[in-house]
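Trainee: Please see the structure below; I have some questions.
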Amino acid sequence: MGRKLASRVFPGLLTLLGVLVFNLATAEVARAQNAFGGVQIDAEGVLRVSWYDQTGTLHKQRLAQARAALDRDVAQVSKLRKISLTRLEAAIAKRLDENSQPTETMHRLAGLTRVKYVFYYPETKDIVIAGPAEGWVEDPSGRFVGMHSGRPTILLEDLVVALRTFAPGNPSDRQISCSIDPTQEGLAAMQNVQRTTSVNTPADVPVIARKMRDALGLQVVSINGISADTHFAQVLVEADYRMKLIGIGLERPPVKMTTVISKARPGSADANGLQRLYFVPDYECVRLSEDGLAMELVGQGVKLVSELEAVGQDGTRRATRETNRAAQAYCRAFTKKYAKIASVAPVYAQLRNNIDLAIAAAHIHAQDYHSQADWQMATFGDESRFAVETYSTPQHVETVVNVVKKGNSYLTPIGGGVDIRPAMALDSNNVLEDSKGETAAARTAIDLSELDADSWWWD
């Protein structure tokens with residue numbers, strides 16, 4: 001006899017409702033698991049992942065070319081490279097006035113791979129960010145990564161997006177977020193398939209999986225707080241997108257770790273729920289000097305959290321207080337191993353860097369460095385003068401499902417997003433005390449008195 005779709009054959013079908021998924025067959029995913037990943041957006045705004053094979057010969061060629069092209073000083077590994085934002089903008093403005101474009105070193109922020117500090121120097125009116133840096137090379141997916149560490153460099157365009165978000169005159173509590181969600185109509189159609197379809201033989205399972213995928217249809221990408229046409233936005237979407245695929249078993253984890261699918265058990269999920277997984281900053285990540293002139297970002301900066309929503313037969317959703325153990329286990333594992341994951345999969349390092357940039361920009365805004373430095377961001381704040389909204393807008397992703405046999409068969413998609421609220425990191429309840437004065441000392445150790453007027457970065 002056949003069993004209803006929501007019975008023991010598919011327990012918790014909607015609990016792991018996937019809204020971020022690849023349009024790749026299982027064989028293609030397996031083939032691509034050791035390759036570089038990136039995203040592409042077609043003319044209709046549908047975002048898909050592309051894979052790029054890595055070979056030792058190609059990588060060596062790229063490294064040799066990069067070393068030959070880069071200035072020796074900027075290619076050196078630096079524990080703490082400093083960049084004056086005010087001087088950098090002035091240098092770029094000068095080049096634009098001369099009908100020249102910013103240099104590659106400007107676009108790569110002199111090889112900066114992490115923002116560790118933000119300093120302000122009233123005597124020279126310099127707003128400085130500082131962190132580790134090294135020479136860079138372009139990987140097969142188009143990312144620029146450190147020659148030695150493999151960590152992605154921070155991009156000028158991402159910095160500009162963060163600075164515009166917290167530009168002079170903007171609210172201090174602005175929120176940056178992305179979400180990928182099924183439509184209400186898609187959820188209702190999926191519920192209808194669940195109610196009206198039965199499984200008679202194992203061969204029926206992939207057929208039903210296709211019905212579920214077709215019922216959900218295209219899912220909607222929403223980006224708030226920043227322009228969706230930016231690299232910053234695409235990093236948020238890709239990181240969220242691929243995290244879901246790891247959770248449901250469609251992309252191999254970058255490191256050995258617990259996933260949703262590895263922990264899912266029969267009867268452990270709510271058949272009328274939508275499990276949401278999304279990234280947020282680890283808000284206890286800011287150490288501030290007593291005088292407010294030095295800020296240090298500490299820790300890994302990112303964590304993965306989950307929540308369960310109930311889904312009605314008409315596709316409407318509402319929050320619940322229930323939890324899912326498999327999803328919670330995945331969140332704990334991803335958060336605990338985030339640093340290792342980011343060292344292997346560059347998109348998660350880029351996500352962390354963008355969160356750091358947002359918090360740094362919010363700090364500059366909160367401390368009113370703009371007015372203290374007489375810095376109006378005339379170039380960085382003007383899209384017509386310095387364009388960063390140059391990417392295709394991600395609007396949809398296609399629904400794909402994964403079927404895994406664990407005594408019974410499971411259908412496992414997941415929903416979620418990224419939610420960044422920089423002001424929370426700067427709230428007095430979250431700011432860490434500079435009790436030993438180390439953050440303040442890092443600022444005073446830097447001497448700008450002999451810095452050449454045209455220099456915008458130094459070690």
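Trainee: Using Cα positions and a limit of under 13 Å, work out the aspartates and glutamates in reach of Lys94, with same-chain residues fewer than 8 apart set aside.
Mentor: Within the straight-line limit of under 13 Å, Lys94 reaches these aspartates and glutamates: Asp454.
Trainee: Now, a different point. Can you give the extra length, in nm with one decimal, that the chain gains between Arg95 and Asp71 once fully stretched, where that is 0.36 nm per residue apart less the Cα-Cα distance?
Mentor: 6.7 nm
Trainee: Report the FRET efficiency, 1/(1 + (r/R0)^6), for Asn430 and Thr183, where r is their Cβ-Cβ distance and R0 is 41 Å, rounded to 0.05. Don't skip to the end; give the middle numbers.
Mentor: On the way: r = 36 Å, r/R0 = 0.87.
The pair Asn430/Thr183 has a calculated efficiency of 0.70.
Trainee: Could I ask something else about it? Please arrange Tyr120, Tyr330 by counting, for each residue, the other beta carbons lying within 10 Å of its beta carbon, fewest first.
Mentor: With the sparsest Cβ surroundings first, the list reads Tyr120, Tyr330.
Trainee: If you stretched the chain out fully between Val205 and Ala387, how much longer would it get, using 0.36 nm times the residue separation minus the C-alpha to C-alpha distance?
Mentor: Working: separation 182, 0.36 × 182 = 65.52 nm, distance 4.88 nm.
The span from Val205 to Ala387 would gain 60.6 nm if fully extended.
Trainee: Could you order peptides 284-295, 158-169 by the average number of other Cβ atoms within 10 Å of their residues, highest first?
Mentor: Those peptides, ordered most packed to least, come out 158-169, 284-295.
Trainee: Could the peptides 79-90, 208-219, 343-354 be put in order, highest first, of the mean number of other beta-carbon atoms found within 10 Å of their residues?
Mentor: Ranking the peptides 79-90, 208-219, 343-354 by packing returns 343-354, 79-90, 208-219.
Trainee: For the pair Glu438 and Val305, what calculated FRET efficiency results from E = 1/(1 + (r/R0)^6), where r is the Cβ-Cβ distance and R0 = 30 Å, to the nearest 0.05?
Mentor: Working from the Cβ atoms, E equals 0.50.
Trainee: Would the range 65-135 count as rounded, prolate or oblate if I go by the C-alpha gyration tensor, calling it rounded below 1.5 in a/c and otherwise prolate when a/b exceeds b/c, oblate otherwise?
Mentor: Because a/c hits 1.5 or more and a/b fails to exceed b/c, the range 65-135 counts as oblate.
Trainee: Please give the length that would be gained between Thr124 and Lys340 if that part of the chain were fully extended, namely 0.36 nm times their separation in residues minus their C-alpha to C-alpha distance (nm, one decimal).
Mentor: Contour length minus the Cα-Cα distance gives 73.9 nm.
Trainee: Something else: Determine which aspartates and glutamates satisfy two conditions relative to Lys125: a Cα distance under 14 Å, and not lying fewer than 8 residues away in the same chain.
Mentor: Glu89, Asp368, Asp374, Asp447
Trainee: Which order do Trp375, Trp136 fall in if you start with the one that has the fewest other Cβ atoms within 10 Å? Don't skip to the end; give the middle numbers.
Mentor: Values: Trp375 21, Trp136 27.
Fewest to most other Cβ atoms nearby, the residues stand as Trp375, Trp136.
Values quoted throughout were computed directly from the atomic coordinates according to the rules given, and no laboratory measurement underlies them. Please read these numbers as outputs of a predicted model, since none were measured by experiment. Using ideal geometry, Cβ is built from the backbone for each residue, glycine included, and neighbour counts are taken over all protein chains shown.
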